[in-house]
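Nothing in this text is a laboratory measurement; each read-out follows from the coordinates by a stated rule. Everything quoted here is computed from the prediction, not taken from an experiment. When we count neighbours, we look across all protein chains shown, and the Cβ atoms used for this are built from the backbone with ideal geometry, even at glycine.
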Amino acid sequence: MLNLLPKFVTALGIVCIAIGLSWGFLDGSDFAFRFFSDSWNRFITENVGLFLTTLLMGIVLSAGGTFAWTRHFNKQKKVKVSGSIFAVGLLAIIMTPKNVHGPGMLVVLTALCFWLLSIALAVTAVATRETSVNGVQGPG
């Protein structure tokens, strides 16, 4: 039960990130203006701050949840999680449209946050001291 809370917080953070990023693409593209009614367009443009806050909150929640979730992992598992997060950020950068003034910059900034989280997890993995079954500290 105790391990479910960090997983839930991480999942909630990922959902918030997805909402914030998709809102940025809806607000910044011609798609919104061609296919939505005027009142929906007005709702999108007037509430951009709310969804940028959702994106920021998602980044903080997912980072905190990931740290809490991986706290009891051994070095190898932390490094694997760190590498996976780095790979997701790299994939996001590769798939993002390369327009500096468009909504793709939200993805780039989120990927940079992923990379910072990945580096922080790798540093904690290196700094972690392994404890054996009998409670004696192992090397490292």
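Projecting label points 7 angstrom from Cα along Cα→Cβ for Asn74 and Ala11 puts them 2.7 nm apart.
Once the C-beta distance of Leu4 and Leu91 is scaled by a Förster radius of 30 Å, the resulting FRET efficiency is 0.65 to the nearest 0.05. Answer rounded, prolate or oblate for the range 55-97, using the Cα gyration tensor with square roots of eigenvalues a ≥ b ≥ c: rounded when a/c is under 1.5, else prolate when a/b is larger than b/c, else oblate. Verdict is oblate for the range 55-97. Packing, as the average of other Cβ atoms within 10 Å across residues, places the peptides 69-81, 14-26 in the order 14-26, 69-81, highest first.
Tell me, in nm to one decimal, what length is gained between Leu109 and Leu52 on full extension, where the rule is 0.36 nm per residue of separation less the Cα-Cα distance? Each step should come with its number before you reach the end.
On the way: separation 57, 0.36 × 57 = 20.52 nm, distance 1.19 nm.
So the extension gain works out to 19.3 nm.
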